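Enquirer: Before I ask anything, here is the structure I am working with.
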Amino acid sequence: MEKWKSESRPGKQLAAAVLSIVVGLVLVVGFHDFTGPGMTNSTAGFLLGVLLLAIGVLGFLVQGRQTVIVDPAARRITIEDRTRFGTKRRSIRFDDIVGVGIGYLGKRSNYVTCYYLVLKLKTGEEYPLFAPGRFYEGVSDRSVVEGWRMRLEKYILEDASAAVQG
């Protein structure tokens, strides 16, 4: 079997961060003149602006490219995160995976839902693969992510049975 390599879409991540910064700035400037005791609509607008501004700045700072390589021959998944602060790599052996599930972020009622794989490891840790916020192609379509899950499980099971027979 050949390697399966997938890369995130940092351009979309950057666009979301910039949009959040712009909307946050508009709200902060528009509602900066709140007065009176307690929570008012102006106070709420200002605080929402501050929150969006903070999310946007953090999103801009941590924006980067994530590469996931599933290597059936090596029986390993390698995740590489390249950000402004450097590169981090994590390697997960197939033997350390006890299950593969699907997680989601968002809700159907607002039409914004992102799906991703959840690796259940022997240690009890759950590791998100194709994580939300990284803007992988197809994350908004559950059937696409279900296809990823089945493909990964096939790689894990076929290689495990070949190792037992060999």
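The values are calculated or read from the model by the stated rules, or taken from the named source; none is laboratory data. Predicted, not measured: the structure shown is a model, and the values here were computed from it. The area values use the complete protein model at the heavy-atom level, side chains included, leaving out ligands, DNA and RNA. Shrake-Rupley method; radii C 1.70, N 1.55, O 1.52, S 1.80 Å.
Enquirer: Helix 10-30 sits at what angle to the longest principal axis of the chain, using alpha carbons and giving 0 to 90 degrees rounded to 10?
Expert: 20
Enquirer: Rolling a 1.4 angstrom probe over the protein chains, ignoring ligands and nucleic acids, what is the accessible area of T123 in square angstrom, nearest 10?
Expert: Roll a 1.4 Å probe over it and T123 shows about 120 Å².
Enquirer: Calculate, for the chain, the solvent-accessible area per residue in square angstrom, rolling a 1.4 angstrom probe over the heavy atoms of the protein chains.
Expert: The answer is 61 Å² per residue.
Enquirer: Give the average over all directions of the projected area of the C-alpha convex hull of the stretch 1-94, one decimal, in nm².
Expert: Mean orientational projected area (the stretch 1-94, Cα hull): 8.3 nm².
Enquirer: In angstroms, what radius of gyration and Dmax does the chain have, counting Cα atoms only?
Expert: 20.4, 76
Enquirer: Tell me the mean residue ellipticity at 222 nm calculated for the chain from its helices only (DSSP H runs of n ≥ 4, each -39500 (n - 2.57), averaged over every residue, nearest 500).
Expert: For the chain, the value works out to -14000 deg cm²/dmol.
Enquirer: Order the following by accessible area, largest value first: K154, K122. Probe radius 1.4 Å; ligands, DNA and RNA are ignored.
Expert: Descending accessible area places them as K122, K154.
Enquirer: Right, next: Whenever you get a sec, compute what percent of the accessible area on the chain sits on carbon and sulfur atoms (1.4 Å probe).
Expert: Here carbon and sulfur together make up 60 percent of the probe-accessible area.
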